[in-house]
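Q: One structure, as structure tokens, below. Some questions next.
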Amino acid sequence: MGAGVRSVVDIGSNSIKLRVARCPAGRIEVLLDTTEVVRLGRRTADGRLRREAIRNGARVVEEMVRRSREMGAEPCLVGTMALRVAENAQDFLREILGRTGLEVRILSGEEEARLAWRGALDGSGGGGPFAVFDTGGGSTEFVFGASPEGATRSESVAVGAVSLTERFF
């Protein structure tokens, strides 16, 4: 695979995703896109990540890092809502660091919204106004703007597929 290969592991409340790609001539060529459901967001009553979710999530991240490295990329690890709010998120982060040697960057709600905007509108060529809604397991980002170059308003709310399911079903 070699030069120019990049990867990211997105650790969400419901699933962990790996995307490996290269960018020849300014376009994205996806080499691998995979998702594992781990449900980190299903916390205990006191707001802690469940021990089995920590073990399973760390195993999944370790495997995704291995696959990424085999393809020639050192992955960037990012975490979202489950890791922003869990009382014991540091336990999970230490487990990941021990298994992979990599630290997880926890995205703020604002960063998550900005990245959703960029991902949704990259290459759109204009023609706004735009609205982007990114619903995850633990949060939903709402982003609005008139052009792909920048959002004018964004909001991240702690309502997602896992949190709603736990609350009402």
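Q: For segment 1-112, with all protein chains present and a 1.4 Å probe, just round the carbon and sulfur fraction of the accessible area to a whole percent.
A: 44
Q: Rank A120, A25, A73 by mean-square fluctuation in a GNM of the chain with C-alpha springs under 10 angstrom and give only the top-ranked residue.
A: A25
Q: Mind computing the radius of gyration and Dmax over the alpha-carbon atoms of segment 115-169? Å is fine for both.
A: Rg and Dmax of segment 115-169, Cα atoms, are 13.1, 42 Å.
Q: Under 9 Å from the Cβ of A116, count the other residues' Cβ atoms, weight Lys and Arg +1, Asp and Glu -1, and hand me the total. Please report the intermediate quantities before stating the final value.
A: Working: positive: R114, R118; negative: E112, D134, E141.
Taking every other residue near A116 into account, the sum is -1.
Q: Sort T44, T35 from largest to smallest accessible area, using a 1.4 Å probe on the heavy atoms of the protein chains.
A: If we order T44, T35 from most to least accessible, we get T35, T44.
Q: Counting Lys and Arg as +1 and Asp and Glu as -1, what is the net charge of the other residues whose Cβ lies under 14 Å from the Cβ of P148?
A: Details: positive: R114, R118; negative: D122, E149.
Charge balance near P148 sits at 0.
Q: What number comes out for accessible area per residue over segment 1-151 if the probe is 1.4 Å? Units Å², please. Let's see the in-between values first.
A: On the way: 7920 Å² over 151 residues.
Result: 52 Å² of accessible area for each residue.
Q: Give the residues of segment 120-163 whose amide nitrogen is closer than 20 Å to a point set 7 Å from the Cα of R50 in the direction of its Cβ.
A: 136-139, 159-163
Q: In addition: Heads up, I need the accessible area for D134: 1.4 angstrom probe, whole protein in place, Å², nearest 10.
A: 60
Q: What is the distance, in nm, between label points placed 7 Å from the Cα along the Cα-to-Cβ direction at L102 and at F168?
A: Distance between the two pseudo-spin positions: 3.5 nm.
Q: How much net charge surrounds R43 when only the other residues with a Cβ under 13 Å from the Cβ of R43 are counted, with Lys and Arg +1 and Asp and Glu -1?
A: Taking every other residue near R43 into account, the sum is +2.
Q: I've got another one for you. Extension gain R118-E87, at 0.36 nm per residue separation less the Cα-Cα distance, in nm?
A: This chain segment gains 8.1 nm when fully extended.
Q: Here's something else I'd like to know. Just round it to a whole percent: the fraction of Cα-Cα distances in the chain exceeding 21 Å.
A: Across the chain, Cα pairs with separations above 21 Å total 51 percent.
Q: State to the nearest 20 debye the size of the charge dipole of segment 96-169 about its Cα centre, where the only charges are +1 on K and R beta carbons and -1 on D and E beta carbons.
A: It comes to approximately 100 debye.
The values are calculated or read from the model by the stated rules, or taken from the named source; none is laboratory data. Here the structure is a predicted model, which is why all the values come from computation and not from measurement. Don't worry about glycine lacking a Cβ; one is built from the backbone with ideal geometry, like all the others, and counts go over all protein chains shown. Side chains are part of the model used for accessible areas, which takes the heavy atoms of the whole protein and leaves out ligands, DNA and RNA. Shrake-Rupley method; radii C 1.70, N 1.55, O 1.52, S 1.80 Å.
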